[in-house]
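Here the structure comes first, spelled out in structure tokens, and everything after it is commentary.
The values are calculated or read from the model by the stated rules, or taken from the named source; none is laboratory data. On a predicted model such as this, the values are computed, not experimentally measured, just so you know. Reconstructed Cβ throughout: ideal geometry from the backbone, glycine too, with neighbour counts over all protein chains shown. Remember, those area values only see protein heavy atoms, side chains included, never the ligands or the DNA or RNA. Shrake-Rupley method; radii C 1.70, N 1.55, O 1.52, S 1.80 Å.
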Protein chains: 6
Amino acid sequence: MNITRPSGRAPDQMRQVRIERGFTRHAEGSVLVCFGDTRVLCTASVDNKVPAFLRGKGEGWVTAEYGMLPRATHSRSDREAARGKQGGRTLEIQRLIGRALRACVDRSALGERTITLDCDVLQADGGTRTAAITGAYVALVDAVRWLRKRGEITRDPVFGAVAAVSVGIWRGVPVLDLDYAEDAGCDTDMNVVMNDGGGFIELQGTAEGHAFRRDELDALLGLAEGGIATLLQHQRDALAR
Amino acid sequence: MNITRPSGRAPDQMRQVRIERGFTRHAEGSVLVCFGDTRVLCTASVDNKVPAFLRGKGEGWVTAEYGMLPRATHSRSDREAARGKQGGRTLEIQRLIGRALRACVDRSALGERTITLDCDVLQADGGTRTAAITGAYVALVDAVRWLRKRGEITRDPVFGAVAAVSVGIWRGVPVLDLDYAEDAGCDTDMNVVMNDGGGFIELQGTAEGHAFRRDELDALLGLAEGGIATLLQHQRDALAR
Amino acid sequence: MNITRPSGRAPDQMRQVRIERGFTRHAEGSVLVCFGDTRVLCTASVDNKVPAFLRGKGEGWVTAEYGMLPRATHSRSDREAARGKQGGRTLEIQRLIGRALRACVDRSALGERTITLDCDVLQADGGTRTAAITGAYVALVDAVRWLRKRGEITRDPVFGAVAAVSVGIWRGVPVLDLDYAEDAGCDTDMNVVMNDGGGFIELQGTAEGHAFRRDELDALLGLAEGGIATLLQHQRDALAR
Amino acid sequence: MNITRPSGRAPDQMRQVRIERGFTRHAEGSVLVCFGDTRVLCTASVDNKVPAFLRGKGEGWVTAEYGMLPRATHSRSDREAARGKQGGRTLEIQRLIGRALRACVDRSALGERTITLDCDVLQADGGTRTAAITGAYVALVDAVRWLRKRGEITRDPVFGAVAAVSVGIWRGVPVLDLDYAEDAGCDTDMNVVMNDGGGFIELQGTAEGHAFRRDELDALLGLAEGGIATLLQHQRDALAR
Amino acid sequence: MNITRPSGRAPDQMRQVRIERGFTRHAEGSVLVCFGDTRVLCTASVDNKVPAFLRGKGEGWVTAEYGMLPRATHSRSDREAARGKQGGRTLEIQRLIGRALRACVDRSALGERTITLDCDVLQADGGTRTAAITGAYVALVDAVRWLRKRGEITRDPVFGAVAAVSVGIWRGVPVLDLDYAEDAGCDTDMNVVMNDGGGFIELQGTAEGHAFRRDELDALLGLAEGGIATLLQHQRDALAR
Amino acid sequence: MNITRPSGRAPDQMRQVRIERGFTRHAEGSVLVCFGDTRVLCTASVDNKVPAFLRGKGEGWVTAEYGMLPRATHSRSDREAARGKQGGRTLEIQRLIGRALRACVDRSALGERTITLDCDVLQADGGTRTAAITGAYVALVDAVRWLRKRGEITRDPVFGAVAAVSVGIWRGVPVLDLDYAEDAGCDTDMNVVMNDGGGFIELQGTAEGHAFRRDELDALLGLAEGGIATLLQHQRDALAR
């Protein structure tokens, strides 16, 4: 089929991806990840404590927090700190990021430590949560390397890799990696988190307009698999630099 | 394959479903829905106002709130009103319920009205969000019937029907409608919301243990389709009484 | 004098009372109490901890929380969890329930345990706090029986019984057990908590319209004594089943 | 019977009462009321607005807020503004003060105005809520006089007078106007609000130790009537100065 | 130059200062300080604990909280406890008071104790923060004397004295100790905290209208030095009584 | 005198300053300002509304919000949005930034518009508030240029320029532009906001260790004047690019 996406990209074409390590200097891992105009700063912070429910069990914890600078978006949104609470969307996204990253961590190998992944959106243009997961993975690996270099852990707690991408149905055509304009115009929007073994970690699909059929779902999953492969390669390249 | 689920049910067997209309008397729709030992009270309340972002557009709104009585669960959990905020899980679930129900409502036909679906869990045994969606649909229809009987709306704003069920992989076997014991032991847990045209409204799958493969996903979706068909029949029967 | 109460009841006539034990299955005590159309679910939860101010003193604690489902009432009220705090009325009622129940408990015999009585109003038609106290007493006894059956305590910490009823002056006539319509039209409204020895535990009378005189107070207390006797019998019957 | 109260007072003896008008200069009414060592600053503030539920009805509103300076008490208590919410006790007391004062106000004569009575405890030694009601009445009258002097209202919206006192049973003996030491040692504690016609506005009795009998209640009410008479005279004297 | 300040005072003339010790009886130090019509109650409370970040270091802590009664001002302001948070101005002032007082305390000599200075404004007419610092110093000394009398500390942790005053430029003329009317009309407003050695503890100057020049700053500091000398003498006199 | 500052800089030497306009693309003004390793993103957002207290007066408003990413600092600090409120330090800084910027704006020329300056610290190494003021000025000018280009305003509301720098006394020597290590070791710390006419907008000096004398203050102000001159030149250069 012949469509022109708002972005002019082919249906199966990702935006330009950039992963920049060491973006800030205090964090044990600090990554700026860009999916086109979406830019998310992901930092990994190591703390030698675990939440109360894990104390004394010899296991570590990986968790995430998500935020958006007030003017990361087209029009300014209220600062959550000023409003006095995190909104439902924020909580939902940071729970997702945390689950996704825990899926590639052996928490016994981490020991009684918490790694917190702060994902702060500097500029938003759709797909902030998928960019956050993809970048947070690299920050996590850097934090783990820092721990290993200091001899604090011996076994690598990270197994495999995790990346995420969005797919959707834009004017009837399944497309990969939605930017803001495409996301707003999509009937169906799905976020897919996968590992480097081709397994699904998380799948969240929502029919915004009409319900989607099984064959549409299959097409979306196919696109996502291609996008994830590209992202995993970007992660490997960044970590090899 | 030959497994015994904790519940003793066959892999594709739903728990006993009960949908009781008119459970309380003040609400325009009031439904007690039971999936086995999970019992959720779903009320639909009509308000002749819409949120600020819709004012003057001639459209209505459908939204949901979710709550759990402190001792609906095995051990008592803090009352969210006393803690001073709704947790991330609560916000995530009530956003899901709202999206699911809006998927079967023509908001222009509703006019400038809000229907709020309050889903309060009296007793929890797994699957509270899927029971809530399934019951809230019936409460919504009752509220719409109430509006029509009073002549406040002429066109039926509800098209089709919506129901939800959970599926998961328990010891390697895809199973339908997880209760609490099964949910806790599952590797993968997926909530599926569908309409009566066989379309997907929402799909939320999470790999708690190992990542799930494409063929496992297919099996889970097949089970969900069967469960949804059963639930839609229960809804029709309840609404016909 | 000859009046017709909105409910058609005689001035000294209680609504139909129903006390149903074991209403939900997780709590150590779970009671649905109905005063006419007022329905309150009272659960008793045992926790092997006490608040900080009691730690190490060998005494237990009994406390209560009160909530109202958003659509328990004629028009929907905001969910306190969503508003981010419990209102003054809620706090006042749950403090009253807690004090009332502690009046029949020997806290040394309870040991360092807390019993929390959650009173959640499923449907409101006046007198929710008096129904809550009356039902919570039964839930409390069930929780104590559970503790004794497990051999965790040897001496019965509950002495006597506690019940509560409202009285008021409706169009000049003292009446017993106000429903919502009567409560709204009453000049004076009084909640009376008594034990089975005929002693007063708590007395809260408010003149909504004109101030009440000493002889009116006496008449109200007489009615309350009769109502309490009926309620205590309902409690005994329920606990004997 | 022969007892020595901690204060050395006779059972029916009030503490020294002092009512000082014009204590601060900005408020329309400003009264320092002292019941012995209990000192409460009561200010009345006039605002030409009413709460939303009264707008356009031609009626006024009278409401109260209560606070305690952190070190008004023996040991410092947390500042409620710093904790981020008013406690249950505070809300309960300020609701009581508001109800009590509204009982002597003709809200139509007040017009669409709100009078807010702020009762702030500078020093606490028992009976802060009864002192607050007694002093707030005087501040209210001063605010109404201020309105009348400016010709903003013509008819006096205050009818009669309202005062409050506590009574209790100390070592078996009914006593009047409990100070902190007596309050802490009392079996029963009752707050009584009356008007100058001898009518009851509010009655709040709590059995802290053993339940109280009808004859004890009668004795307490007799003591309260005497105390209220004294307080009403103090109010009249203050207002005549 | 020849101006008439709203207050009629000479440019270098302070308002009448009054420092009254023992204003309330529970606190270890309790001081009412008046700068003209500004009246602040400063209490010092001793607690045998320190905040978490100091535990086990053998050092004490001095901190402050600031509040304003709702009707301390010309028009009533919302109660911070009711609004659910302390405003930015309140936090800023209480941080300033705490820093100012810590500047004259040897925290090792204090031992692991916290002294909390509660500064509550009963009546406001400009300069509440400077009055608070000046009065809190006296309350602090009283609390330390109380500790020494009980033999809990041997070495005096307070060295020197601290006082504060405001200065400003009113219609082009530098003036001392601004009252509310002057403060509202000032181009520049500066709060100066000094010790009795003539050293500056804190300097906070703000140009409300036009920016101030170096020579204006010098004139303001000169005025402040004079005012501080007066205040230090008032403190000494009060502490000698 | 001969000292070696931790940074190795001369006492009157600023860190390397960088001002990068157009750092993000949605905001009307978007500036990344760096003082050495301190990096603050300052965005200016235009809104065609003013706060309630200014409505209908024909004047605009300029306000600021300040935030710090959780891992902008050496160790991770809690996210204010998650804690549910902005701390005292945050409120104090954002109030300062707002006042400083309003000092160079003619609010009538702005018309009924609000410009919000969001200053978010990406990386902190001392002096975040002075960098924020310096960068926010440039973002403000860009937002005003945007308004003028669209013809929404005709007269330039910004007069002059505003910049800020910190000074302090490090081991007895007055030094300019403290980084984190120097700030932590300083006896006195002063933030100075000035305009391009050499006038002071704001002066905030705090003696952390010993009190500072008048001659030390003079030396600090001299250093600040030099630093401000440098910063004003950087602003001009950036705006000319």
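Residue check: is A:Asp179 open to solvent by 10 Å² or more (accessible area, probe 1.4 Å), more than 26 Å from A:Arg102 (Cβ to Cβ) and within 16 Å of the chain's Cα centre (by Cα)? Taking the combined requirement at face value, the residue satisfies it. Residues satisfying the criterion are present in the range C:71-92 (criterion: in contact with a Ser or Thr (Cβ under 6 Å, 6 or more places away or on another chain), within 15 Å of B:Leu69 (Cβ to Cβ) and free of Cβ contacts under 8 Å to residues at least 12 places away in the same chain). For the range F:99-113, the count of residues that are of a type in the set (Ser, Thr, Tyr) and more than 19 Å from the chain's Cα centre (by Cα) is nonzero. For the range D:43-71, the candidate set comprises residues that are touching a helix residue (DSSP H, G or I) at 6+ places or on another chain (Cβ under 8 Å) and aliphatic (A, V, I, L, M); within that set, the residue that is farthest from D:Val138 (Cα to Cα) is D:Met68.
Residue-by-condition table, conditions (1) away from chain C (no Cβ under 14 Å); (2) over 20 Å from the mean Cα position of the chain (by Cα); (3) modelled with pLDDT of 95 or more; (4) open to solvent by less than 70 Å² (accessible area, probe 1.4 Å):
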{"site": "B:Asp12", "(1), (2), (3), (4)": "yes, no, yes, no"}
{"site": "B:Arg15", "(1), (2), (3), (4)": "yes, no, yes, yes"}
{"site": "B:Ile19", "(1), (2), (3), (4)": "yes, no, yes, yes"}
{"site": "B:Val31", "(1), (2), (3), (4)": "no, no, yes, yes"}
{"site": "B:Leu41", "(1), (2), (3), (4)": "no, no, yes, yes"}
{"site": "B:Pro51", "(1), (2), (3), (4)": "no, yes, yes, yes"}
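Looking only at the range C:191-205, which residues are farther than 21 Å from C:Ala10 by Cα, touching a Ser or Thr at 6+ places or on another chain (Cβ under 7 Å) and not charged (D, E, K, R)? The answer is C:Gly205, and nothing else. The set of residues in the range C:199-213 being open to solvent by 10 Å² or more (accessible area, probe 1.4 Å), in a strand (DSSP E or B) and either touching a residue at least 60 places away in the same chain (Cβ under 8 Å) or among the charged types (D, E, K, R) (or both) consists of C:Gln204 alone.
Applying the criterion of being among the β-branched types (Val, Ile, Thr) and at pLDDT 95 or above to the residues of the range E:154-168, the residue that is most open to solvent (accessible area, probe 1.4 Å) is E:Val158.
Is there a residue in the range C:80-88 that is within 14 Å of chain D (Cβ to nearest Cβ), open to solvent by 10 Å² or more (accessible area, probe 1.4 Å) and touching a Leu at 6+ places or on another chain (Cβ under 7 Å)? Yes, there is a match, as at least one residue in the range C:80-88 is within 14 Å of chain D (Cβ to nearest Cβ), open to solvent by 10 Å² or more (accessible area, probe 1.4 Å) and touching a Leu at 6+ places or on another chain (Cβ under 7 Å).
Residue-by-condition table, conditions (1) without any contact (Cβ under 8 Å) to a residue 24 or more places away in the chain; (2) surrounded by fewer than 22 Cβ atoms within 10 Å (Cβ to Cβ); (3) in contact with a Lys or Arg (Cβ under 7 Å, 6 or more places away or on another chain); (4) more than 14 Å from chain B (Cβ to nearest Cβ):
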{"position": "A:Asp215", "(1), (2), (3), (4)": "yes, yes, no, no"}
{"position": "A:Ala229", "(1), (2), (3), (4)": "yes, yes, no, yes"}
{"position": "A:Gln235", "(1), (2), (3), (4)": "no, no, no, yes"}
{"position": "A:Leu239", "(1), (2), (3), (4)": "no, yes, no, yes"}
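Within the range F:170-178, is even one residue touching a Cys at 6+ places or on another chain (Cβ under 7 Å), within 14 Å of chain E (Cβ to nearest Cβ) and in a loop (DSSP other than H, G, I, E, B)? For the range F:170-178, residues touching a Cys at 6+ places or on another chain (Cβ under 7 Å), within 14 Å of chain E (Cβ to nearest Cβ) and in a loop (DSSP other than H, G, I, E, B): absent.
Filter the range E:182-196 down to the residues that are modelled with pLDDT of 95 or more and open to solvent by 10 Å² or more (accessible area, probe 1.4 Å), then identify the one that is farthest from E:Leu232 (Cα to Cα).
Among residues in the range E:182-196 that are modelled with pLDDT of 95 or more and open to solvent by 10 Å² or more (accessible area, probe 1.4 Å), the one farthest from E:Leu232 (Cα to Cα) is E:Asn191.
When the range F:93-128 is examined, which residues are found to be charged (D, E, K, R) and either surrounded by 24 or more Cβ atoms within 10 Å (Cβ to Cβ) or in contact (Cβ under 8 Å) with a residue 40 or more places away in the chain (or both)? Of everything in the range F:93-128, those that are charged (D, E, K, R) and either surrounded by 24 or more Cβ atoms within 10 Å (Cβ to Cβ) or in contact (Cβ under 8 Å) with a residue 40 or more places away in the chain (or both) turn out to be F:Arg99, F:Arg102, F:Asp106, F:Arg107, F:Glu112, F:Arg113, F:Asp118, F:Asp120, F:Asp125. Test B:Leu220 against the stated conditions and say whether it is among the hydrophobic types (A, V, I, L, M, F, W, C), free of Cβ contacts under 8 Å to residues at least 60 places away in the same chain, touching a Ser or Thr at 6+ places or on another chain (Cβ under 9 Å) and under 15 Å from B:Ala131 (Cβ atoms). So B:Leu220 fails the test.
For the range C:53-70, the tally of residues that are open to solvent by 30 Å² or more (accessible area, probe 1.4 Å) and over 18 Å from the mean Cα position of the chain (by Cα) stands at 6. Here the helices (runs of 4 or more DSSP H) wholly within the range F:1-119 that include at least 1 residues being among the acidic types (Asp, Glu) are F:80-83, F:88-102.
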